[in-house]
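Structure first, commentary second.
The values are calculated or read from the model by the stated rules, or taken from the named source; none is laboratory data. Computed from a predicted structure; not experimentally measured. Reconstructed Cβ throughout: ideal geometry from the backbone, glycine too, with neighbour counts over all protein chains shown. Accessible surface is based on the protein model in full, side chains and every heavy atom, while ligands, DNA and RNA are left aside. Shrake-Rupley method; radii C 1.70, N 1.55, O 1.52, S 1.80 Å.
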Amino acid sequence: MSPKKQPVKVPRQPAFDVEAYLKAEGPQQTVAKYRRGQVVFTQGDAGHDVRYLQKGAVKLSVLSRMGKEAVVAMLVPGDFFGEGVLAGQPIRIGTATAMSPSSVLTIEKAALVRLLHEQPTFADRFLSFMLQRNIRIEADLVDQLFNSSEKRLARTLLLLARYGDDSPTRTMPKISQETLAEMIGATRSRVNFFMNKFRKLGLIEYNGGLKVNPSLLTIVLHD
């Protein structure tokens with residue numbers, strides 16, 4: 001009787017550290033810090049660079065001619081934004097606002113274009129980031145249109161806690177309930193109500209910071 005074949009274990013590839021890669025390649029870049037509510041760039045500004053969110057949270061919104069604001073994306077650390085300059089957009093088509101204390105890396109357009117042309121590995125990763133973010137923006141719009149405030153809050157917490165990473169429990173960046181309310185288009189009292197509910201159900205924990213358990217996904221998936 002022939003011995004059973006053991007499954008071949010494929011070593012897991014380490015996560016791609018785009019920030020370390022950018023620093024190693026040395027493109028022209030600066031880092032700026034923003035307070036909660038501070039504008040990173042405004043709709044109509046000239047666009048000369050691409051931004052990379054190191055930490056914090058940033059809201060992308062568009063203002064209509066009638067003065068009505070629409071939130072089109074909520075960004076988390078690891079996201080690029082303002083990338084329209086790479087497609088020839090001369091001005092910003094939306095406003096980026098820090099929703100919590102944030103650190104943003106600015107990369108000049110020429111330096112980033114050079115990296116994309118000369119470094120296939122970085123180009124592949126950048127394309128992957130952009131596709132993933134576009135998928136998430138579509139999901140954000142669906143979330144705002146069709147989901148309850150409870151589901152929107154649960155999904156926002158999971159995104160901010162980088163749900164899907166290796167760690168079973170993730171700690172969120174420091175963010176107030178007022179900010180969460182702005183993010184999901186609800187009142188602070190509703191956010192407080194749902195946060196207490198999530199805590200009692202063991203879906204989130206307060207222990208020197210807010211920790212989000214993957215089981216919070218059940219709120220998002222529940223019909």
Test result for Ile135, β-branched (Val, Ile, Thr) and at pLDDT below 85:
yes
Can you find even one residue in region 159-171 that is free of Cβ contacts under 8 Å to residues at least 40 places away in the same chain, surrounded by 11 or more Cβ atoms within 10 Å (Cβ to Cβ) and in a helix (DSSP H, G or I)?
no
Note on Glu25: of the conditions (1) among the acidic types (Asp, Glu); (2) surrounded by 14 or more Cβ atoms within 10 Å (Cβ to Cβ); (3) modelled with pLDDT under 85; (4) under 20 Å from the mean Cα position of the chain (by Cα), unmet is (4)
With the checklist (1) in contact (Cβ under 8 Å) with a residue 12 or more places away in the chain; (2) closer than 28 Å to Leu145 by Cα; (3) open to solvent by 50 Å² or more (accessible area, probe 1.4 Å) in hand, flag the one item Leu131 doesn't pass.
(1)
The condition of being touching a Lys or Arg at 6+ places or on another chain (Cβ under 7 Å) and open to solvent by 20 Å² or more (accessible area, probe 1.4 Å) holds, among Val142, Val220, only for Val220
From the list Thr121, Thr95, exactly one residue is among the polar types (S, T, N, Q) and surrounded by 16 or more Cβ atoms within 10 Å (Cβ to Cβ). Which is it?
Thr95
Scanning region 39-60 residue by residue, those over 22 Å from Val85 (Cα atoms) and assigned to a loop (DSSP other than H, G, I, E, B) turn out to be Gly56
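So, of the residues in region 65-80 that are touching a Leu at 6+ places or on another chain (Cβ under 6 Å) and assigned to a strand (DSSP E or B), which turns out to be most open to solvent (accessible area, probe 1.4 Å)? Before the answer, list the steps.
Restricting attention to region 65-80, the residues satisfying the condition of being touching a Leu at 6+ places or on another chain (Cβ under 6 Å) are 69, 72-73, 75-77, 79.
Among the residues that remain, those that are also assigned to a strand (DSSP E or B) are: 69, 72-73, 75.
Working: Glu69: 98, Val72: 49, Ala73: 4, Leu75: 1 Å².
Only one residue fits best here, namely Glu69.
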Odd one out for Met1 among (1) closer than 20 Å to Phe129 by Cα; (2) modelled with pLDDT under 90
(1)
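Looking at region 81-90, which of its residues are in contact with a strand residue (DSSP E or B) (Cβ under 6 Å, 6 or more places away or on another chain) and open to solvent by 10 Å² or more (accessible area, probe 1.4 Å)? Outline the logic, then answer.
So the first thing to find is which residues in region 81-90 are in contact with a strand residue (DSSP E or B) (Cβ under 6 Å, 6 or more places away or on another chain), and the list is 81-83.
Correct list: Gly82, Glu83.
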Residues in region 41-64: is at least one open to solvent by less than 40 Å² (accessible area, probe 1.4 Å) and more than 20 Å from Ile137 (Cα to Cα)?
yes
Scanning region 173-216 residue by residue, those surrounded by 16 or more Cβ atoms within 10 Å (Cβ to Cβ), in contact (Cβ under 8 Å) with a residue 60 or more places away in the chain and either within 22 Å of Leu145 (Cβ to Cβ) or of a type in the set (A, V, I, L, M) (or both) turn out to be Ile175, Thr179, Glu182, Met183, Leu216
Any residue in region 101-111 that is out of contact with any Ser or Thr (no Cβ under 9 Å at 6 or more places or on another chain), among the charged types (D, E, K, R), at pLDDT below 85 and open to solvent by 60 Å² or more (accessible area, probe 1.4 Å)?
no
